[in-house]
Each structure stands twice: as C-alpha cells, then as structure tokens.
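K.L.:
Provided herewith is a single structure, encoded as structure tokens, for subsequent inquiry.
The values are calculated or read from the model by the stated rules, or taken from the named source; none is laboratory data. Computed from a predicted structure; not experimentally measured. In this analysis, Cβ positions are derived from the backbone assuming ideal geometry, glycine residues included, and neighbour counts consider all displayed protein chains.
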Amino acid sequence: MIFPAIKMSFGANLWEFSWRDKKAPLSGASHAAAASQAAPQLKVELAVTLYAQEILSLGKARELAEMDKLEFGLLLGKGGIPRHYGQEELHDDETSGRGE
C-alpha cells in the first residue's frame, strides 16, 4: 500500500493540503514518525475549525491546539476568522480585570 505525504499550509480556505505520492511504502517506524509529526498540526486545524463553527470556546480551542492566547489569536486573524466575543466573555474579562 502506498501512503501519500501531506503538506499543510494556511491558506484562503483555512487549510490547504497538497499530496505527493511516495513510490515505496513507508515502514512501520516511518508511519509512527509521520503520524507524530502530523498530530500537532492536525490538532491546530481541528481547534481552528471547531472554534470557527462556535463548537469550542477560545480557551478550549487554544488548549486543544496547545497554543497561548496571543499565538492562537494571531492564527485566527491570519485565517480571517472573527473572534467570538459575547456577554459571557465580557463578564469573564470584567471579573478577571477586577481580580476576582
């Protein structure tokens, strides 16, 4: 069985994939290495997608992506994804600002 190599890049449609077929199948160790390299990027993609669909909050999405607030916010801005800021977030910010 031949497995394609995946190259992901941030683009206009959130994530664009380009596939390149390998001539020889990957060994078991190569599969594990490829999966461990792809996993963090897939987590980021999933987090951004779930946030954009308002399934995850900003905090939960950035936890899934394993990014800090600034880094995840910049990624959203780069992708043209608006921040979801409602009454709950306003209340959290007010509470946090008062040190409660």
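K.L.:
Are any of the residues in region 14-21 surrounded by 10 or more Cβ atoms within 10 Å (Cβ to Cβ), more than 15 Å from the chain's Cα centre (by Cα), modelled with pLDDT under 75 and not in a helix (DSSP H, G or I)?
P.N.:
Yes, region 14-21 contains at least one residue that is surrounded by 10 or more Cβ atoms within 10 Å (Cβ to Cβ), more than 15 Å from the chain's Cα centre (by Cα), modelled with pLDDT under 75 and not in a helix (DSSP H, G or I).
K.L.:
Yes or no: Gly99 of a type in the set (Gly, Ala, Ser) and on the phi > 0 side of the Ramachandran plot?
P.N.:
Criteria met by Gly99.
K.L.:
Still on this structure, I have one more. Of the residues Leu56, Leu26, Leu50, Leu64, which single one is touching a helix residue (DSSP H, G or I) at 6+ places or on another chain (Cβ under 7 Å), modelled with pLDDT of 90 or more and outside any helix (DSSP H, G or I)?
P.N.:
Leu56
K.L.:
Among (1) surrounded by 10 or more Cβ atoms within 10 Å (Cβ to Cβ); (2) more than 11 Å from the chain's Cα centre (by Cα); (3) at pLDDT 65 or above; (4) assigned to a helix (DSSP H, G or I), there is one condition Ser96 misses while meeting the rest; what is its number?
P.N.:
(1)
K.L.:
Looking at region 67-87, which of the residues that are farther than 11 Å from Val44 by Cβ, touching a Phe, Trp or Tyr at 6+ places or on another chain (Cβ under 8 Å) and not in a helix (DSSP H, G or I) is modelled with the lowest pLDDT?
P.N.:
Filtering first and then ranking leaves His84.
K.L.:
Restricting attention to region 66-93, which residues are surrounded by 10 or more Cβ atoms within 10 Å (Cβ to Cβ) and of a type in the set (A, V, I, L, M)?
P.N.:
Hits for region 66-93 are Met67, Leu74, Leu75, Leu76, Ile81, Leu90.
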